[in-house]
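Trainee: Dumping the structure here so I can ask a few things about it.
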Amino acid sequence: MDTETNFIKKNPKTALELLRRMKKIRFTEEQIAEKYPEGRMRCPTHLCIGQEAVSAAVGLLLRRNDFALGTHRSHGAYLSKGGDLKKMLAEIYGKAAGCSKGRGGSMHLTDRSVSFMGSTSLVGGTIPVAVGLALSIKLRKTRQVSCVFFGDAAVEEGVFYESVNFAVLKKLPVLFICENNFYSVYSPLAVRQPKGREIYKMVRGFGCPSVRGDGNNAIEAYQKAGSAIERVRKGKGPVFFEFKTYRWREHCGPYYDNDIGYRAEEEFISWKKRDPVLLLQQKLLKESALTDSGVESMDKNILKEIKEAFEFAENSPFPSENEIGKNIYCGG
Amino acid sequence: MRLMTYAKAINEAYIEAMRRDKNVIAYGLGIDDPKGVFGTTLGLKDKFGKDRVFDTPTSENAMTGVGIGASLNGIRPVMCHQRVDFFLLAMDQLVNNAAKWHYMFGGGLSVPITIRLIIGRGWGQGPTHSQSLQAWFAHIPGLKVVMPATAADAKGLLLSAIFDENPVIYLEHRWLHNLEGDVPAGDYRVPIGKAKCLKKGGDISIVSFSYMTIEALRAVELLEKAGISCELIDLRTIKPIDWKTIFCSVRKTGRLLVLDTGVMTCGIAGEIIASVCTECFGSLKHSPVRIASPDIPTPTSYAMTRNFYSGAGDIARKILEIFGKNTETEVCGIKRPPHHDVPGEWFKGPF
């Protein structure tokens with residue numbers, strides 16, 4: 001693995017693209033947070049601000065036809081996989097033009113055109129689905145990868161063990177991406193998993209190769225996930241990743257919640273000092289891969305795209321109420 | 001005539017489906033073991049190979065999710081479980097994912113999976129090996145539920161289920177596996193959502209499904225001799241239900257008896273009676289009646305199960321009551337089998 005400096009020197013375009021993807025996620029969600037209190041995004045909405053690095057890195061590595069699935073907190077994964085921003089915002093606004101036609105909201109995103117196969121809200125719920133997609137890849141002998149994002153709580157679900165076991169047993173092309181942000185809603189890891197456990201080490205015990213990484217370092221995540229994806233693509237079986245990171249805002253909703261008593265302000269501040277977006281931007285500036293005016297124009301372009309997407313979402317029509325009974329079954 | 005057992009008919013449906021479409025795969029715990037899930041999956045692995053027919057880890061929930069995932073990419077998985085009860089571990093994947101995927105993602109993707117579940121009965125199957133939970137599945141929008149009673153329908157509905165674009169729960173009663181019937185050759189399909197009138201009659205409509213249809217056939221014969229003409233409707237599909245056929249029959253006969261293999265409370269029989277009362281109230285000459293299992297976990301003991309399940313005699317007795325006839329003299333024509341806890345001499349347990 002290259003040092004960040006060397007990586008930037010060798011791959012300046014990739015490093016810039018990582019920053020751009022992170023910023024697109026960050027700025028989109030900041031705008032969601034700002035507008036959420038208007039009461040027009042009427043669905044549970046989970047922001048990943050502070051956690052953008054992993055989804056940006058993995059999304060950039062995956063090919064368009066590689067499958068990806070996510071959780072309730074999937075704006076980052078969806079956007080980085082190439083999911084359509086306008087359709088995502090329209091979905092959060094409950095509009096007909098939404099990626100799920102207004103049936104799913106923020107927690108149920110999909111964009112088939114980039115093989116983002118779905119995000120769902122039940123903890124661990126998409127893990128076996130990703131393994132099943134991997135089984136289909138093996139049966140059809142295509143060289144795709146199936147990637148699933150989940151959090152630290154998902155490894156407490158029985159279905160996680162069942163799914164990893166089957167993926168290892170059948171040597172399926174799955175990339176398990178665990179973003180460990182230390183909290184399941186308000187419940188800290190300490191009340192959920194034994195002290196001293198490292199999730200990635202536990203998974204090795206199932207026979208699944210595993211890697212740990214800094215979830216706030218996009219370049220590290222990119223390099224580590226990159227070599228794993230190639231391994232998975234070659235048919236050598238699944239790989240598991242644990243990336244430690246931190247969600248800045250409340251579990252669900254637009255606000256900060258460091259004052260309500262389940263976590264300390266100092267903890268938040270220490271993570272905020274390691275802001276993945278700012279860290280990469282500073283590094284790129286330091287290595288002269290980016291200039292101040294480059295930052296300015298990157299931000300301007302992203303903000304313009306986001307502004308247009310919000311306008312689209314806000315102004316597009318709601319689905320007709322009499323569509324409610326459609327698509328219960330496929331084909332009638 | 002192509003006489004074969006219900007189990008063999010299921011086996012034929014698998015073979016037909018897997019020959020027609022290489023995307024059909026079959027898996028489940030014990031699918032290729034020497035018993036072949038009561039004979040229903042015998043020989044499949046030899047015919048279609050270990051990639052398409054495979055035994056699985058004992059992971060009901062994940063293996064259901066695996067089926068869902070595979071189906072999103074064009075595979076048609078057929079899963080099986082030797083008892084319904086084990087499948088309860090998979091309700092999360094079934095209800096939250098399989099049933100919802102098509103709808104909640106705006107109709108873009110579908111989940112064409114088939115899940116075979118076997119309902120146990122008798123030989124002390126007891127509290128956790130004999131639950132008949134069709135009402136649970138039918139309660140979930142997005143699922144289809146079928147319960148064939150005859151060998152021909154077993155084949156025809158399994159083929160339809162496999163090639164349906166939606167998740168289909170295929171419930172088969174253990175006491176049906178050895179029953180023989182005439183089964184059409186080839187790609188024989190029975191439409192999902194269509195009931196079948198097994199006998200025309202004018203005095204009362206009997207709506208039944210799965211094993212209860214077999215008991216009903218015996219009762220209907222006896223009642224004919226007692227001068228009561230029954231119309232017997234075998235529902236075949238529990239969801240979506242064929243209301244038209246039910247309502248037409250009740251409007252003609254004015255009377256209704258519904259038979260259910262599940263327990264009474266919140267069951268399919270109750271649902272049918274509710275809708276008939278709403279839609280055909282003016283046609284009813286007698287309050288609708290239902291026969292279902294008591295709201296009690298199934299005990300294991302031979303002695304305690306003696307009257308747990310209802311059979312042809314109970315059906316006949318109930319109908320004679322509706323017509324105000326002497327029950328005891330008439331139903332004495334129905335002989336009870338020597339042992340109440342087996343469907344016939346062929347069944348020696350253990351499950």
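Throughout, read-outs are computed from the coordinates displayed, never taken from laboratory work. For clarity, every value in this text was computed on a predicted model and none was experimentally measured. Reconstructed Cβ throughout: ideal geometry from the backbone, glycine too, with neighbour counts over all protein chains shown.
Trainee: Rounded, prolate or oblate: which fits the range B:196-331, taking a ≥ b ≥ c as square roots of the Cα gyration tensor eigenvalues, rounded meaning a/c under 1.5, else prolate when a/b beats b/c?
Mentor: It comes out oblate by the Cα gyration axes.
Trainee: For B:Thr128 and B:Arg2 in one chain, what is 0.36 nm times their gap in residues minus the Cα-Cα distance, to one decimal in nm?
Mentor: Details: separation 126, 0.36 × 126 = 45.36 nm, distance 3.58 nm.
Going from the current span to full extension adds 41.8 nm.
Trainee: Beyond a 31 Å Cα-Cα separation, which of these cross-linked pairs lie in this structure: A:Lys23/A:Lys95; A:Lys101/B:Lys196; B:Lys22/B:Lys194?
Mentor: Working: A:Lys23/A:Lys95 25 Å; A:Lys101/B:Lys196 38 Å; B:Lys22/B:Lys194 28 Å.
Table pairs above 31 Å Cα-Cα are A:Lys101/B:Lys196.
Trainee: Given H placed on each backbone N at 1.01 Å, which residues far from B:Gly36 in sequence or on other chains put an amide H within less than 5 Å of it?
Mentor: Amide H to amide H, under 5 Å and 5 or more residues apart or across chains, B:Gly36 pairs with nothing.
Trainee: Let me ask something else about it. Which residues' amide hydrogens lie under 5 Å from the amide hydrogen of A:Lys244, considering only partners 5 or more residues apart or on another chain, with H built in the peptide plane?
Mentor: Counting only residues 5 or more places away or on other chains, the set is A:Asn180, A:Gly213, A:Gly215.
Trainee: Set Lys and Arg Cβ to +1 and Asp and Glu Cβ to -1, take the dipole of the range A:223-286 about its Cα centre, and tell me which of A:Tyr246, A:Ala264, A:Pro276 lies farthest positive.
Mentor: About the Cα centre, the residue reaching furthest to the positive side is A:Pro276.
Trainee: Also, quick follow-up: In whole Hz, with x marking every Gly and Pro, tabulate ³J(HN,Hα) for the range A:284-289 from phi via Karplus 6.51 cos²θ - 1.76 cosθ + 1.60, θ = phi - 60°.
Mentor: So the Karplus estimates, Gly and Pro as x, are 5, 5, 4, 8, 6, 7 Hz.
Trainee: Right, here's the next one. Going by a ≥ b ≥ c, the root eigenvalues of the Cα gyration tensor, does the range A:185-332 fall in the rounded group (a/c under 1.5), the prolate group (a/b larger than b/c) or the oblate group?
Mentor: Rounded, since a/c falls under 1.5.
Trainee: So what is the relative contact order of chain A, in percent, for Cα pairs below 8 Å that sit 6 or more residues apart?
Mentor: 24
Trainee: Would chain A count as rounded, prolate or oblate if I go by the C-alpha gyration tensor, calling it rounded below 1.5 in a/c and otherwise prolate when a/b exceeds b/c, oblate otherwise?
Mentor: Note, shape of chain A comes out rounded.
Trainee: Using modelled backbone amide H atoms (1.01 Å from N, in-plane), which distant-in-sequence or interchain residues come within less than 5 Å of B:Leu256's amide H?
Mentor: B:Ser205, B:Val289
Trainee: Further, regarding this structure: To the nearest whole number, what is the average tally of beta carbon atoms from other chains within 10 Å of the beta carbons of peptide A:132-145?
Mentor: 5
Trainee: According to a simple spin-label model (label point 7 Å from Cα along Cα-to-Cβ), what is the distance in nm between A:Lys273 and A:Ser316?
Mentor: 4.3
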